[in-house]
Amino acid sequence: MPSPALRLPATLILLAALAGCAAPVLKDAPATSPTTAEVAAAPERYHDAEVVWGGKIVAIENLADTTEVAVVAYPLARGQRPDTRAPSQGRFVLVLPGFVEPMDFPPGRWLSLRGRVAGSEVRTIDRSEVVHPRVRDAEVHLWPREFPDDRGHWSFGVGVGVGIR
């Protein structure tokens, strides 16, 4: 039986390893899917393909029968979380049925989704025309409003701190 002095560090290492294993939020999703750039380059090739994407909402528009959510795409990291440190991968439009409360999908909110490619459209950003793949039939996971800063922070150290006012 290990001594108590050895059990504490081993327990801390085990807990840190378990905390690093994030379960995916979209169950039974495919392990890989085409990127937004791949779909934008050849939307007809990927029509009705299942995709798992994530990103940051930049706009929402309620139409007569659907709601369109414009999203800046980011690659997904552990647990299907958008990797906010990576460069963006283009944009896509999430098409949801019916009316969606804009306060639930505000610009700046992060999401992950699993859905099907439903063609593409050209939208103007500043003065550039950009192809936006469209995604329908989506299972959407909205990340907490404080994302990406909700992961908690770990630090270990020994020392003395002095505060001066």
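The values are calculated or read from the model by the stated rules, or taken from the named source; none is laboratory data. Predicted, not measured: the structure shown is a model, and the values here were computed from it. Note that we place each Cβ from the backbone using ideal geometry, even for glycine, and neighbour counts take in every protein chain shown.
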Quiz item: Does residue 147 satisfy the condition of being under 17 Å from the mean Cα position of the chain (by Cα) and modelled with pLDDT under 95?
Solution: yes
Quiz item: Taking interchain pairs and intrachain pairs at least six residues apart, which have beta carbon atoms under 7 angstrom, with the first residue in region 94-113 and in contact (Cβ under 8 Å) with a residue 40 or more places away in the chain and farther than 15 Å from residue 66 by Cβ and the second of a type outside the set (Ser, Thr, Tyr) and exposed (fewer than 12 other Cβ atoms within 10 Å of the Cβ)?
Solution: 109/145
Quiz item: From the residues in region 41-66 that are β-branched (Val, Ile, Thr) and under 19 Å from the mean Cα position of the chain (by Cα), which one is nearest to residue 99 (Cα to Cα)?
Solution: 60
Quiz item: All but one of (1) of a type outside the set (D, E, K, R); (2) touching a Leu at 6+ places or on another chain (Cβ under 6 Å); (3) over 15 Å from residue 136 (Cβ atoms); (4) surrounded by fewer than 21 Cβ atoms within 10 Å (Cβ to Cβ) hold for residue 54; which doesn't?
Solution: (4)
Practice problem: Those residues that are basic (Lys, Arg) and in contact with a Leu (Cβ under 9 Å, 6 or more places away or on another chain), I need them from region 24-51; list them, please. | Solution: none
Quiz item: Taking the condition hydroxyl-bearing (Ser, Thr, Tyr) and part of a strand (DSSP E or B), does residue 120 pass?
Solution: yes
Exercise. Those residues that are in contact (Cβ under 8 Å) with a residue 40 or more places away in the chain and surrounded by fewer than 18 Cβ atoms within 10 Å (Cβ to Cβ), I need them from region 57-73; list them, please.
Key: 58, 59, 62
Quiz item: Within region 119-142, is even one residue at pLDDT 90 or above, closer than 26 Å to residue 27 by Cα and basic (Lys, Arg)?
Solution: yes
